[in-house]
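First up is the structure itself, then whatever we jot down about it.
The values are calculated or read from the model by the stated rules, or taken from the named source; none is laboratory data. Note that this is a predicted model, so its numbers are computed, not measured. So basically every Cβ, Gly included, is an ideal-geometry build from the backbone, and we count neighbours across all protein chains shown.
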Amino acid sequence: MSNNNALAYAQLRFQVDVPNLEETWLDGYQAGSHDKPEESNPYAMDSKEYAFWNEGWWAGFYQETPLFDLSGAVHAVENKVATQQKNNVDSNAVIKTPSRYIIRTIQVFAAILAAAMCYQLADFFA
């Protein structure tokens, strides 16, 4: 076997032995939508693949909209939601704190209001 053939063979074995998590989710989705039992999960119980397959199975069982196309691409809705969440985080980071002048004005107003209330209470009890 030449080096080129060995590299191609190794890449093929890697693709077969280590599945993509999106493909794993889709396999579970298809199994759930075709009424295969949940116990037909082919992955080890402690693995990520098991969890992804199981999540896909439940989504397929309840006929939810698949997260991925059969080609493995993420739906545009998911990308839009992620972009909106990112924009919300960015806009929250830009919010500026009020200036010291505004804070000082509120504090003085609160002190005057408290003094007026104390005066009214003293006048009421006198």
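In table form, for the structure just shown:
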{"item": "Helices (runs of 4 or more DSSP H) enclosed by the stretch 8-115 - at least 2 residues per element that are exposed (fewer than 10 other Cβ atoms within 10 Å of the Cβ) and at pLDDT below 85", "result": "76-94"}
{"item": "Cross-chain or 6+ apart pairs with Cβ under 8 Å, the stretch 39-59 first and hydroxyl-bearing (Ser, Thr, Tyr), then assigned to a helix (DSSP H, G or I)", "result": "SER40/ALA31; TYR43/THR24; TYR43/GLU49; TYR43/TYR50; TYR43/TRP53"}
